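Below is one structure; the comments refer to it alone.
The values are calculated or read from the model by the stated rules, or taken from the named source; none is laboratory data. Note that the structure is a prediction, hence the values are computed from the model and not measured. Methodologically, a virtual Cβ is constructed for each residue, glycine included, from the backbone with ideal geometry; neighbour enumeration extends over all protein chains shown.
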Amino acid sequence: MNATMKKPGLAQARKHPAAKAIAGEWCVGVLGAGASGEAVVTSGGLRLHAVRAASCLLEPAAGDSVACLRIAPDEVWIMAVLQREEGTPNVVSCPGHMRIAVKDGALELEAARVGLKSDALDIATQTARVATDTADIVGRELGVIATRMKLVGSMLSSVMDRVQHFSKSYLRTTDGIDRVAATHVECEAQQLLRLEGEHTLVNGRELIKARGAQIHFG
């Protein structure tokens with residue numbers, strides 16, 4: 001190999017000099033609001049019109065100490081909130097669609113109180129488990145669709161204006177008293193109606209009437 005041959009990398013570097021990176025200047029200031037409500041950062045003797053960067057998810061508030069990146073005289077980005085006054089709520093926000101993805105791990109939320117506010121809430125999961133001491137559900141309409149549903153508890157109390165129930169088979173077992181109190185009670189069967197007990201009492205205060213093609217006693 002010819003020793004005088006130049007290396008390709010050096011020759012290419014001479015023909016195409018390295019591009020210069022865009023310079024930026026960091027500064028720290030206090031966030032305020034301009035006359036028209038725009039964000040203004042006061043840093044020393046400068047008043048900079050700034051815009052929150054996409055990576056700064058914590059929404060800045062007036063009075064916050066913020067870190068800014070100044071790329072041009074009219075291009076200043078708020079990169080982070082360094083400190084804020086006590087009592088100012090912390091709001092994490094971003095414009096447009098947002099998705100939190102955790103790959104091969106778990107996502108946990110821990111707080112004294114967690115509130116969800118949305119026009120629509122969709123939950124899709126293979127298994128869901130809720131453990132709570134007290135639960136209240138308030139809504140105008142509630143629909144539950146399930147192949148199998150099971151309720152286990154020590155007491156069930158319901159108040160309804162109207163209850164309509166339909167099932168192909170309905171079996172009920174009560175160890176104690178099963179009592180129905182109503183103004184008018186009807187029991188209707190297409191084939192057979194059977195009442196059985198060790199002692200059967202039928203009490204009609206004014207009238208007892210039995211009608212059938214055949215009536216058997218005994």
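Selection of segment 42-61 for residues being under 13 Å from VAL30 (Cα atoms) and either of a type in the set (D, E, K, R) or in contact (Cβ under 8 Å) with a residue 60 or more places away in the chain (or both) yields only ARG47.
Only one entry in SER65, SER93 is among the hydroxyl-bearing types (Ser, Thr, Tyr) and touching a Lys or Arg at 6+ places or on another chain (Cβ under 8 Å), namely SER65. Flag set for ARG47, criterion: at pLDDT 90 or above, among the basic types (Lys, Arg) and within 15 Å of PRO73 (Cβ to Cβ).
Residue check: is GLU25 exposed (fewer than 10 other Cβ atoms within 10 Å of the Cβ) and over 30 Å from ALA146 (Cβ atoms)? For GLU25, the condition - exposed (fewer than 10 other Cβ atoms within 10 Å of the Cβ) and over 30 Å from ALA146 (Cβ atoms) - is not met.
With respect to the conditions (1) of a type in the set (D, E, K, R); (2) over 19 Å from VAL28 (Cα atoms); (3) touching a residue at least 12 places away in the same chain (Cβ under 8 Å), ASP64 lacks only one, and its number is (2).
A Cβ distance below 7 Å, combined with a sequence gap of six or more or placement on separate chains, defines the contacts here; from segment 180-201, residues that are part of a loop (DSSP other than H, G, I, E, B) reach residues that are of a type in the set (A, V, I, L, M) in the pairs CYS187/LEU193.
Looking across ASP122, ASP133, ASP161, ASP104, one residue alone is at positive phi, loosely packed, with under 10 Cβ neighbours inside 10 Å and acidic (Asp, Glu). It is ASP104. Checked against the criterion of being surrounded by 10 or more Cβ atoms within 10 Å (Cβ to Cβ), of a type in the set (Lys, Arg), at pLDDT 90 or above and at negative phi, segment 79-93 has at least one qualifying residue. Among the residues of segment 52-68, none qualifies, meaning not one is modelled with pLDDT under 90, of a type in the set (A, V, I, L, M, F, W, C) and either surrounded by 10 or more Cβ atoms within 10 Å (Cβ to Cβ) or within 23 Å of PRO89 (Cα to Cα) (or both).
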